[in-house]
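The values are calculated or read from the model by the stated rules, or taken from the named source; none is laboratory data. Since the model is a prediction, treat every value here as computed from it, not as a measurement. Don't worry about glycine lacking a Cβ; one is built from the backbone with ideal geometry, like all the others, and counts go over all protein chains shown.
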Amino acid sequence: MATYYPLAVVTLLCCLMLFGMALVVARTHSRTGILAPAMAGDPLLERAVRAHSNTLEWLPIFLPSLWLFGIYWSAPWAAALGVLWIAGRVIYFIGYLRAPRSRFPGFFIQACATLTLAVGALARIVWLWAMASS
């Protein structure tokens, strides 16, 4: 069980990041005077909502990949890639709030981390499965 502490920490850091993004969206609602459930009308609010939503959309890809990579390869390496993913998402979020074109460096960072986790986990699982079958 102790092997997975780094993955648990990264998962919870991810939750805190999402909570922080939700707070930014809530504050932006208040600052723009556009109260929920309205989501449009001010470009800053629309960017904040979209950046937060985009992060939520990546979670079903990121979290299973993080855990499967950690289980089948290495928990410390998975955690390091998870921290990189979080950093990428934060850079993405901040960039998107400033100007939509500024989001690309963060997107690239998190996409590379996710791709490494997903492909790495899949390759290792298939390899282990093939070895067990022979």
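Could you check, for the stretch 46-53, whether at least one of its residues is more than 17 Å from Ala113 (Cα to Cα) and of a type in the set (Val, Ile, Thr)?
Within the stretch 46-53, one or more residues are more than 17 Å from Ala113 (Cα to Cα) and of a type in the set (Val, Ile, Thr).
Taking Asn54 as meeting all but one of (1) part of a helix (DSSP H, G or I); (2) out of contact with any Lys or Arg (no Cβ under 9 Å at 6 or more places or on another chain); (3) not hydrophobic (A, V, I, L, M, F, W, C), write down the number of the exception.
Unmet condition: (2).
For Ala121, all conditions in the list (1) buried (at least 19 other Cβ atoms within 10 Å of the Cβ); (2) touching a Lys or Arg at 6+ places or on another chain (Cβ under 6 Å) hold save one; what is the number of the exception?
Condition not satisfied by Ala121: (2).
Mind checking whether some residue in the stretch 24-40 is of a type in the set (Gly, Ala, Ser), over 21 Å from Thr114 (Cα atoms), surrounded by fewer than 16 Cβ atoms within 10 Å (Cβ to Cβ) and in contact (Cβ under 8 Å) with a residue 24 or more places away in the chain?
no
With respect to the numbered conditions (1) crowded, with 16+ Cβ neighbours inside 10 Å; (2) farther than 16 Å from Met21 by Cα; (3) touching a residue at least 40 places away in the same chain (Cβ under 8 Å), which one is the sole condition not fulfilled by Trp58?
(2)
Could you tell me whether any residue of the stretch 32-42 is more than 30 Å from Trp127 (Cα to Cα) and either among the basic types (Lys, Arg) or in contact with a strand residue (DSSP E or B) (Cβ under 7 Å, 6 or more places away or on another chain) (or both)?
Looking through the stretch 32-42, none of the residues is more than 30 Å from Trp127 (Cα to Cα) and either among the basic types (Lys, Arg) or in contact with a strand residue (DSSP E or B) (Cβ under 7 Å, 6 or more places away or on another chain) (or both).
Go over the candidates Pro76, Pro60, Pro64 one by one and state the one that is in contact with a Pro (Cβ under 7 Å, 6 or more places away or on another chain) and either at pLDDT 95 or above or among the small types (Gly, Ala, Ser) (or both).
Pro76
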